[in-house]
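Some notes on the structure that comes next.
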Protein chains: 2
Amino acid sequence: MEDRDGSRADRARRVADVLRQRIVDGAYEEVLPDERTLGRSLGATRNVVREALNMLRDEGVVTRRRGIGTLVTGQKAGHGLARLVGLAEELTAYGTVTNEVREARVVPHAPPAITQRLGLPERSEAVYIERLRSLDAEPLSLDSTWLAPDIGRPLLDRHLAGRDLFALIEETSGTRLGSAEVTVHAVTADPDTARLLDVAEGAALFTIDRLTRLADGRPVDAESLRVRADRFALRAVLPRD
Amino acid sequence: MEDRDGSRADRARRVADVLRQRIVDGAYEEVLPDERTLGRSLGATRNVVREALNMLRDEGVVTRRRGIGTLVTGQKAGHGLARLVGLAEELTAYGTVTNEVREARVVPHAPPAITQRLGLPERSEAVYIERLRSLDAEPLSLDSTWLAPDIGRPLLDRHLAGRDLFALIEETSGTRLGSAEVTVHAVTADPDTARLLDVAEGAALFTIDRLTRLADGRPVDAESLRVRADRFALRAVLPRD
């Protein structure tokens, strides 16, 4: 990238894009090269590099420490999008996963919006489970799950703090899960979620809505995950055909 | 959801989750039912419903108009994660896609970070293309693309404003694309990107980094897309096995 082209903000953004990709590729160990060296590698002036590093700091990709330099923030935990897996099933590769169970109970008359989504009779009961998930003792996500009663009730006796719901459902029901429809949004943290996830209000989050079905197609699990975007990225390898 | 449980902020968040899922499911036409009716359907008081609607307004899912009520914001354009497709290839289902070409040129000595990522010799040239993409005349994404020179050069003579790069690459090279490695981040908009995409500074965006390979495995296209999250969501159906 030549510095003559575009505004300085444009140049910083382009440099930030390249640098983010390199970091995610694992091109750097813990500490980034100094600004001058980075500038050579990126074809940019030090001022532009500095601005790009500030953008990546705001994204949570790096931290900047006076006297030390620019550090790669702990690698973002990756969540694949090829197969349906519980978050914890994957996150164990990145650290120790713990869950604080905030709610776990039968709701006698589930609201119509829930019974419709789960294909339950009107005024049916449903099971609600809410967990705050941490990775290496730092909050990562807030998971809210509505379950069909026959699937959810047996879970309430289980060790919800330590296990993935998907694995528990398959174990207690003796049935395999089939597939899930997933929608991923990017949002900013409202004050309450920010407090629970220990981020600043307005920080970037993923909201992942997931409706999971048994192998026979019946929807049994409607959940919303709010995930800290400074600690988490989605990954996929997509075939063209 | 029973209103006795958890703090009011907790209850509003849970109601917002259910309502967002219902809206994405297409359960409502343009205008949402009034707060009292929604409250019945969601098992919540009007105050909690109002707070939930405000959260969804901040997420860009609904707009609230005095005297009219709560409107479902234009459906978010969906981008599937099952196959590698250009954004425009999919977005045409949601409206008219136009591209403003901000840059399209040969960079004589591409920075090392780029040549390494694309597997090019050191100091090789590369092609840089930057486009601001709009859907129905409103900005949707800012796309920055670095291309291997043999792939990128022929594109510079083409009508970049009207076509997807993927389709153009396959056409001019006579080669099929193979696959792409994709990483999706959620970030907040820096001032420059906010201005270009016509959103508030700090608004939620997706950053999608994508390294695309030809069918023979050679990486030829390294791009970063910054996409407005109020107009865009990622979708997938994930199989368990």
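Just so it is clear, none of the values below were taken in a lab; they were calculated from the coordinates. Here the structure is a predicted model, which means the values were calculated and not measured. Using ideal geometry, Cβ is built from the backbone for each residue, glycine included, and neighbour counts are taken over all protein chains shown.
For segment A:8-72, a Kirkwood radius taken over Cα pairs fed into Stokes-Einstein (25 °C, viscosity 0.890 mPa s) yields D = 215 µm²/s. Starting from the label point of A:T96 at 7 Å along Cα→Cβ, the same points in the other copies fall at 5.9 nm, in ascending order.
How many partner chain Cβ atoms sit within 10 Å of a residue's Cβ in peptide B:200-210, on average, as a whole number?
Working: counts 0, 0, 5, 5, 12, 3, 7, 9, 1, 8, 3.
Mean inter-chain Cβ contacts per residue within 10 Å come to 5.
The two copies B and A are related by a rotation, and the chain B beta carbon nearest its axis, with distance in whole angstrom, is B:A186, 2.
Please order B:S224, A:S179 by the number of other Cβ within 10 Å, starting at the fewest. Working shown, then result.
Working: B:S224 23, A:S179 19.
Least crowded to most crowded, the residues run A:S179, B:S224.
Each Cα pair of segment A:65-155 feeds into the Kirkwood radius, which the Stokes-Einstein equation turns, at 4 °C and 1.567 mPa s, into a diffusion coefficient of 83 µm²/s. If you take all other residues with their beta carbon under 9 Å from the beta carbon of B:T212, and give Lys and Arg +1 and Asp and Glu -1, the sum is 0.
Would you work out the charge dipole size for segment A:168-241 about its Cα centre, treating the Cβ of every Lys and Arg as +1 and the Cβ of every Asp and Glu as -1, and quote it to the nearest 20 debye? Charge dipole, segment A:168-241, about its Cα centre: 220 debye, nearest 20.
Relative to the other identical copies, B:R218 shows label-point distances of 5.4 nm, where the label point lies 7 Å from Cα along the Cβ direction and values run shortest first.
Can you find, among A:V31, A:H79, A:A113, the residue sitting farthest towards the positive end of the charge dipole of segment A:1-128, where Lys and Arg contribute +1 and Asp and Glu -1 at Cβ? It is A:V31, whose Cα lies furthest towards the positive end. From least to most packed, judged by other beta carbons within 10 angstrom and beginning with the fewest, A:D241, A:D17, B:D58 follow the order A:D241, B:D58, A:D17.
Each Lys and Arg contributes +1 and each Asp and Glu -1, all at the Cβ; summed about the Cα centre of the protein assembly as shown, the dipole is approximately 460 debye.
For chain A, what is the mean residue ellipticity at 222 nm derived from helices alone (per DSSP H run of n ≥ 4: -39500 (n - 2.57); sum divided by total residues; nearest 500 deg cm²/dmol)? All intermediate terms of the calculation are to be shown ahead of the outcome.
Values: 8 runs with 71 residues, N = 241.
Rounded to the nearest 500, it is -8500 deg cm²/dmol.
Structural size metrics of the protein assembly as shown, computed from C-alpha coordinates, are Rg and Dmax of 23.0, 68 Å.
Relative to the Cα centre, the charge distribution of chain A, modelled as +1 at Lys and Arg Cβ and -1 at Asp and Glu Cβ, gives a dipole magnitude of about 680 debye.
I'd like the mean, over residues of A:107-115, of how many other protein chain beta carbons sit within 10 Å of each residue's own Cβ.
So the per-residue partner count for this stretch is 6.
Each copy carries a label point for A:D241 at 7 Å from Cα along the beta-carbon vector; from one copy to the others these points are 2.5 nm apart, nearest first.
Ordering A:V62, B:V48, B:L205 by the projection of their Cα atoms onto the charge dipole of the protein assembly as shown, which places +1 on the Cβ of Lys and Arg and -1 on the Cβ of Asp and Glu, puts B:V48 at the extreme positive end. Applying the Kirkwood pairwise sum to the alpha-carbon positions of chain B produces a hydrodynamic radius of 20.1 angstrom.
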